[in-house]
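> Mind having a look at this structure? Questions to follow.
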Amino acid sequence: MSQLSTNHHKSHPKIIAAIPCLNEAQFIADIVTKAKKYVDRVIVIDDGSTDRTSEIARDAGADVIRHEKRKGAGAATQSGFQAARTNGADILVTLDGDGQHNPDEIPALISPITEGKADLVIGSRFPQPHLNQSQLISINLNHVPKYRKLGIDVITWLYNFGSKMKVSDSQSCFRAHSRKLLQAIEITEPGFGFSVEVLIKARRNGLAIMEVPISCIYHPQGSTDNPITHGLGVAFTVMKLRLFKHQEIIS
Ligand SMILES: Nc1nc2c(ncn2[C@@H]2O[C@H](COP(=O)(O)OP(=O)(O)OP(=O)(O)O)[C@@H](O)[C@H]2O)c(=O)[nH]1
Ligand SMILES: [Mg+2]
């Protein structure tokens, strides 16, 4: 992995994109190519794929971190957090490698951080009225399957319950993170529970959380994991993290 010059000209924040991938050979080349237009470096975390994800990502110009064995989307994102810290990123963008997120929406996610308004920006598939719609670039394809929407709503409700800091989409992993957040938060959940773990720790650290609307493309070949176990696993993680406040916080 070539070491980018760290004495980056400070007027331009150093932006890194991390893309956790499990068998995404079909989509990854296009995503890396598009994302490279908006960031200084693209890092693909290959979470034990058995297809040509690593090779295709590298050929498209990404740096690749490979987990020999599958560890989970949370563990893969944690490797992205670590690589961003090691390379002195001012902003880390995370997006999925399965073509559901549109890299052309990266600027919309980054701007609240460059404007100093947020430490965590979530790309929401369910934009609330107060969000400025004009940011939506592509036609809204957010046909989130109903059963998935129900699962996401339950988890988002569990996260919002009793808190002033509410979000509309706790499960979206198309996010931007500030250097301050990267220094304050460690991901310990190996699976999809990491999505709410980062939210809960950000809120506990008093970090500013914002949402911007995104489009999300659902491909006909559909979901990878079993949505029920996926949803229940994350719901359990929210309850565990919110109930047991003694969770480790680095700072
Ligand atoms: N499912 C799954 N995805 C992983 C894993 N490790 C990395 N990933 C990547 O994590 C990202 C999100 O996973 P998805 O399975 O797309 O999760 P999702 O978007 O909530 O669910 P879908 O609607 O099924 O796509 C994708 O880029 C995956 O390739 C893993 O162990 N399981
Ligand atoms: Mg997906």
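> Which entries in K71/K149; K37/K166; K36/K71; K37/K146; K34/K117 show an alpha-carbon gap greater than 30 Å?
Working: K71/K149 26 Å; K37/K166 32 Å; K36/K71 26 Å; K37/K146 33 Å; K34/K117 26 Å.
Violating the 30 Å Cα-Cα cut-off are K37/K166; K37/K146.
> Pairwise over distinct Cα atoms, reciprocal of the mean inverse distance: report the Kirkwood radius of segment 15-250 in Å, one decimal place.
Working: mean 1/r = 0.0567 Å⁻¹.
Taking every pair of different Cα atoms in segment 15-250, averaging 1/r and inverting gives 17.6 Å.
> Lys and Arg at +1, Asp and Glu at -1: add these up for the other residues within a Cβ distance under 13 Å of F27 and post the number.
Details: positive: K34, R52; negative: E24, D30, D51, D96, D98.
Summing Lys/Arg as +1 and Asp/Glu as -1 gives -3.
> To check you understand DSSP bridge types, tell me what percent of the beta bridges within segment 15-250 (both residues inside) are antiparallel, rounded to 5. Each step should come with its number before you reach the end.
Details: 8 of 28 bridges.
Looking only at bridges with both residues in segment 15-250, the antiparallel portion is about 30 percent.
> Let me ask you something else. Between K166 and I228, what is the label-to-label distance in nm when each label sits 7 Å out along the Cα-to-Cβ direction?
So the two model labels end up 3.0 nm from each other.
> Let me ask something additional. Between R204 and R66, what is the spin-label point distance in nm, taking each point 7 Å from the Cα along the Cα→C-beta axis?
Simple spin-label model gives 3.6 nm for this pair.
> Between D59 and Y147, what is 0.36 nm times their sequence separation minus the Cα-Cα distance? Round to one decimal in nm.
Length gained, D59 through Y147: 28.0 nm.
> Between K37 and S11, what's the calculated FRET efficiency when r is the beta-carbon distance and R0 is 25 Å? Round to 0.05.
Numbers: r = 19 Å, r/R0 = 0.77.
Efficiency at R0 = 25 Å is approximately 0.80.
> Separate question: DSSP loop (so not H, G, I, E, B), at most 12 other Cβ within 10 Å: list which trypsin sites (Lys or Arg not before Pro) in segment 57-104 pass both filters. List each step's numbers first, then the result.
Working: sites: R58, R66, K69, R70, K71, R85; in loops: K69, R70, K71.
Hits after loop and neighbour filter: K69.
> Sequence neighbours fewer than 8 away in the same chain don't count; with that in mind, list the aspartates and glutamates whose C-alpha is under 12 Å from K69.
The reachable aspartates and glutamates, counting only those whose Cα sits under 12 Å from K69, are D46, D47.
No value in this document is a laboratory result; all are computed from the given coordinates. Predicted, not measured: the structure shown is a model, and the values here were computed from it. A quick note on method: Cβ atoms are made from the backbone with ideal geometry, for glycine too, and the neighbour counts reach across all protein chains shown.
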